[in-house]
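Once you've had a glance at the structure underneath, I'll fire off some questions.
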Amino acid sequence: MKHWRKLLPLLLLLSLVAGCAAPVAAPSAPAGGEAAAPAAGAQPYAGTTLRLVGANHPWQEAITPMLAEFEAATGIKVNFEALGEDQLNQKLTTEFTAGNSDIDVFMQRPLQEARVMQLNGWYEDLTNCVSDPAYDFADFADGAVGTTTVNGVLTGVPIVTEQEVLYYRKDLLEAAGLSVPTTLDELKAAAEALTDKNNEIYGFVARGQRSPLVTQFSSFLYSMGGDWFDENRQATINTPEALAAIDLYGTLLREYGPPGVLNMSWPQAVAIFAQGNAALYTDASSIYSNMLDPEKSAVADKTGVAKFPAGPAGSIMYNVTSWGLAMHSGSKHKEAACEFIKWATSKDIVLKTQGEGAVPGARESVWADPAGAAAFPADWVEAVAASANGRGYDRPLVTAVTQARDIIGGAVVVSIEGGDYVAAANDANTQFQALLDSEQ
């Protein structure tokens, strides 16, 4: 990322002063920030209605109350349809495939869907849309933009970023005389020491469901020195590094995890931790409020956040754009859609969604503004800053990503179950190589 190294000391300083401060009521715009929308009364697109389809998500919750401001300034009416993630993908795919969709703007998961949608021609390339110097597209972190760029096409503007971090129970570690794990070996040792199944306290919890686990397993894989495939597109699911990661992840959940882990995606795993039944938990930084908000977590005041523990290759976590804002290539209102995207991702609005709504964005100037970090706990800010140079993907960069996750996740599930994970990894490697070959 272009400016992250310069920003790291500043972010760490901000983490010390931000603490657990409440979101600021009315953050000021960053120096040099552009107006969020044309002046009220101008209404250059009066009478236009945009159809925006997105997910039930904190960003949607944060931006929705601000839509009236945009509508008053531009004359554009925005109809925002919010759905569950799976339902969103199904609606987009169904409507775009039919070829007569009136969707103008939509939320996308670039690592999950962008390659297929770009291949199908469903995106309007936003390169020209964001070229206005006043918008300052260069302010977006390079890694975040890289996630939303496919085959040279800017499929969307980043709106939510996340990294894999370690959540931990400060009280349980202190009572056991343990420090916060900084390596994967220490993580395993602490998980073992803190497991008390008789009292329903489990040393470790994470996603164990076949497909969802792949994204969080990725940081274990990278830190062990592995990856999904090499520079020659040869599958590497059964290398010594990958096998070590599969074994570790499986052991942690099998030996020190709660019952039913094979049915757990993030909502189930985070519930176990928030109820006070787990000591250590690795997952996305973006779900921190589920554990640090006293209204959602019974252990909010006892929970800490730290950088992902290091393996033999170092601490290599994912650092990705989890959600972007895209324009449908079939939109009948492309100029108005562009205006909305620029407004929703402008410095002013990102500062509000991040500073007030606590939705981590990708604008470097917003992170450099004290108001941009004020809504987040100090240790969370420090962990995120330390993750700035993480890997820009949390799953294989292939078109058939759903199939790839299912193949790879199957091998990890075998490890969780205590089966022959080596044979399972060999089989997964063969299947994954066939998938890679089919996409050549």
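Each value in this text was obtained by applying a stated rule to the coordinates, not by laboratory testing. The shown structure was predicted, so the numbers you read here are calculated from the model rather than taken from an experiment. Cβ placement follows ideal geometry from the backbone for every residue including glycine, while neighbour counts extend to all protein chains displayed.
Angle check, please: helix 421-438 long axis (alpha carbons) against the longest principal axis of the chain (alpha carbons), in degrees 0 to 90, nearest 10.
Around 30 degrees separate the two axes.
I would also like to ask the following. Mind checking the angle between helix 184-194 and the chain's longest principal axis? C-alpha axes, 0 to 90 degrees, to the nearest 10.
70
Can you tell me which of 54, 418, 226 moves the most in a GNM of the chain? Springs connect C-alpha atoms under 10 Å apart.
418
Using 1/(1 + (r/R0)^6) with R0 = 51 angstrom and r between the beta carbons of residue 43 and residue 402, what's the FRET efficiency to the nearest 0.05? Don't skip to the answer; put the middle values down first.
Numbers: r = 43 Å, r/R0 = 0.83.
So, using R0 = 51 Å, E works out to roughly 0.75.
Can you tell me the dipole magnitude for the stretch 37-98 around its Cα centre, using point charges on the Cβ only (Lys, Arg +1; Asp, Glu -1), in Debye to the nearest 20?
Values: 3 positive and 7 negative charges, 44 e Å.
So the dipole magnitude of the stretch 37-98 works out to roughly 220 debye.
Pick from 86, 139, 369: which is most flexible by mean-square fluctuation in a GNM of the chain where alpha carbon atoms under 10 Å apart are linked?
86
Does the stretch 321-417 come out rounded, prolate or oblate by the C-alpha gyration tensor, with a ≥ b ≥ c the root eigenvalues, rounded set by a/c under 1.5 and, if not, prolate when a/b is larger than b/c and oblate if not?
Working: a/c = 3.10, a/b = 1.25, b/c = 2.49.
Since a/c reaches 1.5 but b/c is at least a/b, the shape of the stretch 321-417 is classed as oblate.
Of 386, 324, 373, which is farthest along the charge dipole of the stretch 323-420 in the positive direction, counting Lys and Arg as +1 and Asp and Glu as -1 at C-beta?
Selected residue: 324.
Follow-up. Relative contact order for the stretch 102-258: what is it in percent, counting Cα pairs under 8 Å that are at least 6 residues apart?
Numbers: 133 pairs, mean separation 25.1, N = 157.
The value is 16 percent.
Going 7 Å from the Cα of residue 199 in the Cα-to-Cβ direction, what parts of the stretch 172-188 have a backbone nitrogen less than 20 Å from that spot?
172-181
Right, another one. When only DSSP loop residues count, what GluC sites (Glu not before Pro) in the stretch 351-440 have their Cβ near at most 13 other Cβ atoms within 10 Å? Don't skip to the end; give the middle numbers.
Details: sites: 356, 364, 382, 417, 439; in loops: 356, 439.
Answer in residue order: 439.
May I pose another question? Taking the Cα centre of the chain as origin and charging only Cβ (+1 Lys, Arg; -1 Asp, Glu), how large is the dipole, in debye to the nearest 20?
On the way: 28 positive and 51 negative charges, 44 e Å.
So the magnitude is around 220 debye.
Taking amide H atoms as placed 1.01 Å from N in the peptide plane, list the residues 5 or more away in sequence, or in a different chain, whose amide H sits under 5 Å from that of residue 310.
The answer is 183, 184.
If you filter the stretch 166-257 for GluC sites (Glu not before Pro), then keep DSSP loop positions with at most 10 other Cβ within 10 Å, what is left? Walk me through the numbers on the way to the answer.
Details: sites: 174, 186, 192, 200, 231, 241, 255; in loops: 200, 231.
Filter output for the stretch 166-257: 231.
Another question, if that's okay. What number, in percent, do you get for the relative contact order of the stretch 176-271 if the mean sequence gap of Cα pairs under 8 Å and at least 6 apart is divided by its residue count?
Working: 111 pairs, mean separation 33.1, N = 96.
Averaging sequence separation for qualifying contacts and normalising by length gives 34 percent for the stretch 176-271.
Ok, one more. Need the C-alpha centroid separation for the stretch 249-294 versus the stretch 185-230, integer Å.
Their Cα centres are 10 Å away from one another.
With angles folded into 0 to 90 degrees, how steeply does helix 334-344 sit against the dominant principal axis of the chain? Use alpha carbons for both and round to 10.
60
Here's something else I'd like to know. Looking at the stretch 314-400, which trypsin sites (Lys or Arg not before Pro) are in a loop (DSSP not H, G, I, E or B) and have at most 12 other Cβ atoms within 10 Å? Walk me through the intermediate numbers first.
Working: sites: 332, 334, 342, 347, 352, 363, 391; in loops: 332.
In loop regions of the stretch 314-400 (DSSP not H, G, I, E or B), the sparsely surrounded trypsin sites (Lys or Arg not before Pro) are 332.
Right, another one. Using the Cα gyration tensor of the chain, with a ≥ b ≥ c the square roots of its eigenvalues, what is the shape: rounded (a/c below 1.5), prolate (a/b larger than b/c) or oblate (neither)? Walk me through the intermediate numbers first.
Numbers: a/c = 1.97, a/b = 1.36, b/c = 1.45.
Judged from the Cα gyration tensor, the chain comes out oblate (a/c at least 1.5, b/c at or above a/b).
Per the helix-only calculation at 222 nm, which mean residue ellipticity applies to the chain, given -39500 (n - 2.57) for every DSSP H run of n ≥ 4 and division by its residues, nearest 500 deg cm²/dmol? Working shown, then result.
Values: 19 runs with 191 residues, N = 440.
Value at 222 nm, helices only: -13000 deg cm²/dmol.
Quick one: among 313, 404, 242, which has the greatest mean-square fluctuation in a GNM of the chain with alpha-carbon springs under 10 angstrom?
Residue with maximal mean-square fluctuation among 313, 404, 242: 313.
By how many nm would the segment from residue 80 to residue 233 lengthen if fully extended, with 0.36 nm per residue of separation less the alpha-carbon distance? It would help to have the intermediate numbers written out before the result.
Working: separation 153, 0.36 × 153 = 55.08 nm, distance 4.01 nm.
Between residue 80 and residue 233, full extension yields 51.1 nm more.
I would also like to ask the following. Which shape class applies to the stretch 56-198: rounded if a/c is under 1.5, otherwise prolate when a/b exceeds b/c and oblate if not, where a ≥ b ≥ c are the square roots of the Cα gyration tensor eigenvalues? If you can, show how the numbers build up before the last one.
Numbers: a/c = 2.15, a/b = 2.12, b/c = 1.01.
Prolate is the answer for the stretch 56-198, as a/c is 1.5 or above and a/b outweighs b/c.
Oh, and also: Divide the volume of the convex hull of the Cα atoms of the stretch 373-440 by its number of residues and quote the answer in cubic angstrom per residue.
Details: hull volume 9.9 nm³, N = 68.
In the stretch 373-440, the Cα hull volume divided by residue count equals 146 Å³.
Might you report the magnitude of the Cβ-based charge dipole of the stretch 295-440 about its Cα centre, with Lys and Arg at +1 and Asp and Glu at -1, to the nearest 20 debye? Please report the intermediate quantities before stating the final value.
Working: 12 positive and 17 negative charges, 82 e Å.
The dipole of the stretch 295-440 has a size of about 400 debye.
Quick one: which residues, 5+ away or cross-chain, put their amide H under 5 Å from the amide H of residue 322? H built at 1.01 Å from N.
For residue 322, the qualifying residues are 160, 161, 162.
While we're here: Explain nothing, just the number: relative contact order of the chain, from Cα pairs under 8 Å at least 6 residues apart, as a whole percent.
Working: 913 pairs, mean separation 127.2, N = 440.
For the chain, the relative contact order is 29 percent.
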